[in-house]
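Read the structure below first, then the notes.
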Amino acid sequence: MVNVSLSLGSHSYNVHVGNGALASAGFLVNRARLEGKAALITDSHVAPLYAELVVRSLEDAGYDVSVHTFPAGEQSKNLSTVEKIIGEMAAEGHDRSGFVVALGGGVVGDMAGFIASIYYRGIPFVQIPTTVMAQVDSSVGGKTAVDIPAGKNLIGAFHQPRLVIVDPTSLTTLPPRVLREGMAEMVKHAAIRKPAMLQVLRQLADEIDIGFSLNTIERLPQIMADNISIKARIVEEDEKETLGVRAFLNLGHTLGHGIEASVPYGELLHGEVVSLGLRAALYLSRKHCGLSARAEREILETLEALELPLVLPPNVSIEKALEHTRRDKKFRGGAIRFVLLSAPGSPLLSADVTQQDLEEAMQHLTTPLH
Ligand code: NAD
Ligand code: GLY
C-alpha cells in the first residue's frame, strides 16, 4: 500500500493506494476513526462490480451500511438525485453521527461529496474512486458539486474527504475509452509538475489494448500515487483556489470545456476535450511564453500514444465552442486567466491571451498533427 498524505490543518487526510485495497475498505475506514452508520453511494455500473465487496468489508469491520444506487452518467449528477438519496438516507435513519462512502467515478464522488457536505449541515465522507479520472483527480482536493441546467458544477461546496481509498485493479473493468480519457488528466499533471512521468504514461498507453502486464499491474499503485501526489501538493498550496496555484490544474480546460459544451452531451468525453484543450494551450504557450517545439512534441506524442483526440472532429463548430468558452467561469470580468506552460513543469497564469488568440488556437486544432 502506498500512502499520499494531504496536509490541510484540521482536515488533513490520507490517500491509500494499493492493489486489492477495496477489500480492506472497512479496516482503513476504521483506522481513520470514522464512526456511525455508513451510507454507500454508487452508480448502476459500479454497484454490480464492487458494492458487495466494499459492503462486506465495512460490515466485517462492524459498520452498519445502507446502499444508495443511482443510474450511471453525468445526467444523474443533479439536485433531483441529491434529494432522492438524501430522502433514502433519512428513511434509513442516518443522522449526523454517520458518514458517506462514495464508490465510483467522478460523478459519484462529486455528488456523494456534495450530499455529505449538506446532510445535517455536513457529515464526513470517504472517497473510493474507480475511474482513472476519479483516482488521480476528482477524489482528491475536496471539490464537490452537481450540475444545473445553467451549467456544470454550478452548485457545490469545498468538503474534503476524511480518507481516499484507491484500488488500481478496479480500473481493469473500465471500458478502454474511459480508461484512456482519464489518462489525459495524468498527462496534464505530468506536464504541470513532473515531465519525467510522460514516458511512463507512453509505456502504459502501449498496454491498454492488450491488457496491462503483471509487471505493470504491480507498478500501478506507485504510478498512480506519484500522479496523485502532484495534485495533492497543489491542493496543499492553494486549497480554495484563491492564490492562482490550483488554477494550474485548469491547463487545457478553458477551451476544452468550451468544446465539451458545444457538442451533444456524451459525444466527446471530458478527458478527450482536455486532450484537444491541451494541444490548444501548448500552441498558445509556444506563441506567448517560449515553450519549445520539442517540449510541445513530447506532450502531444504522449496524448497521441493514448489515442486521445488532437484534431477537432468536423462536427464541432468553432464559433459555438468559443461562445461557450466566453461563458466559462474562468473568465473574470471578461478577462481570461489562461494557463500556459513556459516549459514542462513550469505553468503560469497569463493575462496576455486575447480572443483572437483563442480563435487562432481553435483553428490550429483543425490542422493535422503531422
Ligand atoms: P463517471 O463517474 O461518469 O464514470 C465513467 C463511466 O465509468 C460511468 O459509466 C461509470 O459508471 C463507469 N465506471 C466507473 N468505474 C468503473 C469501473 N471500475 N469499471 C467499469 N465501469 C466503471 O465519469 P468520470 O470520468 O469518472 O468523472 C467525471 C466527473 O468528474 C464529471 O462530473 C466531472 O465534472 C467530475 N470531475 C470533478 C473533479 C473535481 O475536482 N471534483 C475533477 C475532475 C472531474
Ligand atoms: N480538477 C481541478 C481541481 O480540483 O482544482
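All of the numbers you see were taken from the coordinates with simple rules; none came from a lab. Computed from a predicted model, the values in this text were never measured in an experiment. All Cβ positions, even for glycine, are placed from backbone atoms using ideal geometry, and neighbour counts span all protein chains on display.
Pick from VAL200, VAL132, VAL108: which residue has the top mean-square fluctuation in a GNM of the chain where Cα pairs under 10 Å get a spring?
Ranking VAL200, VAL132, VAL108 by mean-square fluctuation puts VAL200 first.
For every helix of n ≥ 4 consecutive DSSP H residues, a contribution of -39,500 (n - 2.57) applies; sum these over the chain, divide by its total residues, and give [θ] at 222 nm rounded to the nearest 500 deg cm²/dmol.
Taking each H run of at least 4 residues, the total per residue is -13500 deg cm²/dmol.
Between the helical axis of 293-305 and the dominant principal axis of the chain, each derived from Cα atoms, what acute angle in degrees is found, rounded to the nearest 10?
Approximately 50 degrees, to the nearest 10.
Going down the list LYS84/LYS231; LYS84/LYS188; LYS231/LYS320; LYS152/LYS240; LYS37/LYS143, which pairs span over 29 Å between their C-alpha atoms?
LYS84/LYS231; LYS84/LYS188; LYS231/LYS320
Specify the angular offset, from 0 to 90 degrees and rounded to the nearest 10, of the alpha carbon long axis of helix 253-262 from the longest principal axis of the alpha carbons in the chain.
It is inclined by approximately 80 degrees.
Quick one: what Rg and Dmax do you get for the chain from the alpha carbons, in Å?
In Å, with Rg to one decimal and Dmax whole: 20.0, 60.
Of the trypsin sites (Lys or Arg not before Pro) in the range 13-67, which ones lie in a loop per DSSP and count no more than 11 other C-beta atoms within 10 Å?
In loop regions of the range 13-67 (DSSP not H, G, I, E or B), the sparsely surrounded trypsin sites (Lys or Arg not before Pro) are ARG33.
For the range 1-44, what does the alpha-carbon gyration tensor say about shape, rounded, prolate or oblate, given a ≥ b ≥ c as the root eigenvalues, a/c under 1.5 as rounded, and a/b over b/c as prolate?
oblate
Note down the nm distance, to one decimal, between modelled labels 7 Å out along Cα→Cβ at GLU59 and at ASN3.
In this crude label model, GLU59 to ASN3 measures out at 3.0 nm.
What are the extents of the Cα atoms of the range 151-251 along their three principal axes, in Å, largest first?
42, 28, 28
Under a 10 Å cutoff between Cα atoms, tell me which one of ILE318, ILE210, ILE41 has the largest fluctuation in the Gaussian network model of the chain.
The residue that fluctuates most here is ILE210.
Which of the three applies to the range 1-152, rounded, prolate or oblate, going by the alpha-carbon gyration tensor with a ≥ b ≥ c and a/c under 1.5 meaning rounded?
Cα axes put the range 1-152 in the rounded bin.
In whole angstrom, how far apart do the alpha carbon centroids of the range 162-237 and the range 99-113 sit?
Their Cα centres are 20 Å away from one another.
Looking at the chain as a GNM with Cα springs under 10 Å, which of GLY26, GLY105, GLY122 has the largest mean-square fluctuation?
Residue with maximal mean-square fluctuation among GLY26, GLY105, GLY122: GLY122.
Taking the Cβ-Cβ separation of GLU237 and SER292 as r and a Förster radius of 35 Å, what is the calculated FRET efficiency to the nearest 0.05?
0.85
Nearest 10 degrees is fine. How inclined is helix 318-327 to the longest principal axis of the chain, computing both from alpha carbons?
Approximately 60 degrees, to the nearest 10.
If r is the Cβ-Cβ distance from GLN75 to THR354 and R0 is 35 Å, what FRET efficiency results, to the nearest 0.05?
The pair GLN75/THR354 has a calculated efficiency of 0.50.
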